[in-house]
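Data block below; observations after.
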Amino acid sequence: MHNKLTNEDDNELHPPHGCPKIRDKDKGLSEKHIFLSQNSSVANSNLKQLLGNYDLLTTVLMKVQTSYQETVNARDSMQRERDRDRQEKELLQEHKKDLMNEQTKLQTRVTALEKNCERCPAGWELLHSSCYFFPPTDAGQKLTWQQSREECKKSGADLAEIDSQEKQEFISRILNGKRRRPGHTYTSGYWIGLRDVETEGVWKWLNGTALTQGYWFDGEPNDSGSEDCAATYPYDIPLKTWNDAPCDFVLKWICEIKLQEP
């Protein structure tokens, strides 16, 4: 038995030419496509926002890193400044200590000068508890070692005993101050109370004390021709001024008076 098809049923099976029937399945796919497209647009928008946030965070991070490095540099600079301040303070403390020591020495010297004030004869130089006499530069008189000693004894003195570096530098400074022209000659020396007449090469002061520290010029003493008496010269090097010479040679001299402690 055959049912008769209606026009409506026939149109559904055979849609008119140019007007295809949109099936429910195809319609669903289209809606899904639209949904995915919308979601993709939202995702792209979110991605752009995230990328923008990332760039912003990167910029902020760089600023933070720069600020941190500047802080570290400032801290290191402050530490170096503190170290310099501490070193300068330590140096100032050491300098202060040196100055105080020097002040103490000067005060001791002033006290000694006050004690010995006016105790040296006129024209004599004072060093601690001794007075020294140097013949004037323009004085033409020169004597042998023995004559020089006798001349000193007229003033209650004797030929100088240079038994310390301080004395040596003191006498050397005075002699160089008296020197009229640079250089020296063999006759420009000053007799001192030192000789080796008893045993060659064994130098002794007038009080019999053996020499322990000499301030000889290079190559001296050389005992060239019975040179048994010592003289000091106005040489440029303060600790190298002594020379041995024949005792009958005529030179100037240095007298010393040892003061009694008050």
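The values are calculated or read from the model by the stated rules, or taken from the named source; none is laboratory data. In this text the structure is predicted, and so the values were computed from the model without any measurement. Note that we place each Cβ from the backbone using ideal geometry, even for glycine, and neighbour counts take in every protein chain shown. Protein only, heavy atoms only, side chains kept; ligands, DNA and RNA dropped before computing areas. Shrake-Rupley method; radii C 1.70, N 1.55, O 1.52, S 1.80 Å.
Just one of the numbered conditions (1) in contact (Cβ under 8 Å) with a residue 12 or more places away in the chain; (2) part of a helix (DSSP H, G or I) is not true of E150; which one?
(1)
Give me the pairs, please: first residue somewhere in the stretch 230-241 and free of Cβ contacts under 8 Å to residues at least 40 places away in the same chain, second residue anywhere and among the aliphatic types (A, V, I, L, M), beta-carbon distance under 8 Å, and either six or more positions apart or on two chains.
Cβ pairs passing all conditions: A230/I192; A230/L194; A230/A245.
Inside the stretch 218-262, can you point out the residues that are under 36 Å from the mean Cα position of the chain (by Cα) and among the charged types (D, E, K, R)?
Hits for the stretch 218-262 are D218, D236, K240.
Filter the stretch 153-173 for residues that are open to solvent by 30 Å² or more (accessible area, probe 1.4 Å) and not in a loop (DSSP other than H, G, I, E, B) and give the result.
Matches in the stretch 153-173: K153, D158, Q165, E166, K167, E169, R173.
Please work out if L50 is at pLDDT below 85, surrounded by 10 or more Cβ atoms within 10 Å (Cβ to Cβ) and more than 60 Å from the chain's Cα centre (by Cα).
Judged against the criteria, L50 is not a match.
Is at least one residue of the stretch 131-141 within 21 Å of Q260 (Cα to Cα) and open to solvent by 20 Å² or more (accessible area, probe 1.4 Å)?
Checked against the condition, which is being within 21 Å of Q260 (Cα to Cα) and open to solvent by 20 Å² or more (accessible area, probe 1.4 Å), the stretch 131-141 yields at least one hit.
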